[in-house]
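Chemist: Handing you this structure, nothing more for now.
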Amino acid sequence: MLNTIRYYLRLYLLFTKFAYRTVLQARLGILFFMGAKLVRFAFFFFFILIIFGRKSNFGGYTFNQAILFYLTFNVIDTAAQVLFREVYRFRPMVLSGTFDLILLKPHHPFIRILLGGGDILDLSLLFPYLLLALFFAFKITSITFLSLASYFILIGNGLLIATSFHIIVLALGILTTEVDHTIMIYRDMTIMGRFPFDIYKEPLRGVFTFIIPIGIMMSFPPYALFGLLSPFSYLLSFVISSLLFFGSLKLWDYALKKYQSWGG
C-alpha cells in the first residue's frame, strides 16, 4: 500500500513538473494571469468593505465573519484548481485519441486526467489565502481549537465534493465530448459560495445545499468555525459528500463502458 502511494506521488510530481515547464513558456501570460487573479480578489474584498461601510452586519455576520466566508471560498476553489487543472484539458484528449493511450498505461487514468497537471500559479496564491483566513479567524474571540480543527476537516470535505464534481465533468466529457461548458457551469455555481448560504431564499438554499452541495462545500467550514453547526449537520455533510463521491465514481464507470475509443 505504501509503495503504491509513493508510486502515484512520484507520477503526480512528474506530471506537475511537466505542466510547470509548459506554463513557463509564456512568462508574459503568467504576469497577466496572476495580476487578473489578484485584481479580482481585491475588487470583491473592497466590495465587502463597501457593504460594511453602509451597514454594521451582512446577513447577521460581522465583517471578520463575512471575510472568512470569502476567504474560505478562495481556499477551496484555488486548491481544487491546483489539483484538478488537467480536467480543463480533457476534451482534446478524447477527440484526438490520446485518451486511448492513457487507458493503456499501468496506472489509474485519474492520475493523468484528473491530477496530471498541478497548477503552480494557483499554488502560489493558495498559501496567502490560507494565511489570511487564519488571520481573520483568530480575530474572532469565540474560536477554539476544536472549532478550528472542524473548520479544516470540513475544508477537506469540501475538496472531496470538488473532486466528485470534477470526476462527473470527466465522465460527461466521455459521454458527450463536452467539457468546457460543463466545467464553467460548475465554476458559476461555486461562485455562490462566496456568500453565506443563509442569505439565499428557499428553495434555492435547499437545492444548493443538499442536492448540489455547494453550501456544504463552501459555507459549512465557516459555520463550524463560528460554532453554528449541530452534530446532525456534521453527519449530514459527510454523508452527502460520500454519496456524491461514490456516485461520481459510478458515473465514471458507466462512461468508460460507453466509451468507443477514437474513431469508434
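Chemist: Consider region 205-264. How many of its residues are out of contact with any Pro (no Cβ under 8 Å at 6 or more places or on another chain), outside any helix (DSSP H, G or I) and touching a residue at least 24 places away in the same chain (Cβ under 8 Å)?
Modeler: 8
Chemist: May I pose another question? Quick test for you: out of Gly263, Gly173, Gly227, pick the one residue that is crowded, with 19+ Cβ neighbours inside 10 Å, modelled with pLDDT under 95 and either more than 21 Å from Phe73 (Cβ to Cβ) or not aromatic (Phe, Trp, Tyr) (or both).
Modeler: Gly173
Chemist: With respect to Ile76, is the statement that it is touching a Lys or Arg at 6+ places or on another chain (Cβ under 6 Å) and among the β-branched types (Val, Ile, Thr) true?
Modeler: no
Chemist: Considering Phe127, Phe90, Phe136, which residue is free of Cβ contacts under 8 Å to residues at least 24 places away in the same chain, hydrophobic (A, V, I, L, M, F, W, C) and part of a helix (DSSP H, G or I)?
Modeler: Checking each option against the conditions leaves just Phe127.
Chemist: Next question, about the same structure. Please indicate, with yes or no, whether at least one residue in region 16-29 is at pLDDT 75 or above, surrounded by 11 or more Cβ atoms within 10 Å (Cβ to Cβ) and farther than 25 Å from Ser147 by Cβ.
Modeler: Checked against the condition, which is being at pLDDT 75 or above, surrounded by 11 or more Cβ atoms within 10 Å (Cβ to Cβ) and farther than 25 Å from Ser147 by Cβ, region 16-29 yields at least one hit.
Chemist: Restricting to region 95-135, and then to whatever is crowded, with 17+ Cβ neighbours inside 10 Å and of a type in the set (Phe, Trp, Tyr), can you tell me which residue is nearest to Ser261 (Cα to Cα)?
Modeler: Phe99
Chemist: Name the single residue that is modelled with the highest pLDDT among those in region 44-87 being charged (D, E, K, R) and assigned to a helix (DSSP H, G or I).
Modeler: Across region 44-87, the extreme among qualifying residues is Asp77.
Chemist: Under the condition of being of a type in the set (Ser, Thr, Tyr) and more than 21 Å from Val82 (Cα to Cα), which residue from region 136-163 is surrounded by the fewest Cβ atoms within 10 Å (Cβ to Cβ)?
Modeler: Only one residue fits best here, namely Thr141.
Chemist: Kindly provide the set of residues from region 135-189 that are among the basic types (Lys, Arg) and closer than 26 Å to Arg205 by Cβ, ordered by number.
Modeler: The answer is Arg187, and nothing else.
Chemist: Continuing with the same structure: Which residue out of Leu175, Leu148, Leu154 is in contact (Cβ under 8 Å) with a residue 40 or more places away in the chain, within 27 Å of Met93 (Cβ to Cβ) and in a helix (DSSP H, G or I)?
Modeler: Leu175
Chemist: Where residues in region 85-102 are of a type outside the set (Lys, Arg) and touching a helix residue (DSSP H, G or I) at 6+ places or on another chain (Cβ under 7 Å), which of them is farthest from Ala19 (Cα to Cα)?
Modeler: Residue satisfying both the conditions and the ranking: Val94.
The values are calculated or read from the model by the stated rules, or taken from the named source; none is laboratory data. Here the structure is a predicted model, which is why all the values come from computation and not from measurement. Virtual Cβ from ideal backbone geometry, glycine too; neighbours counted across all protein chains shown.
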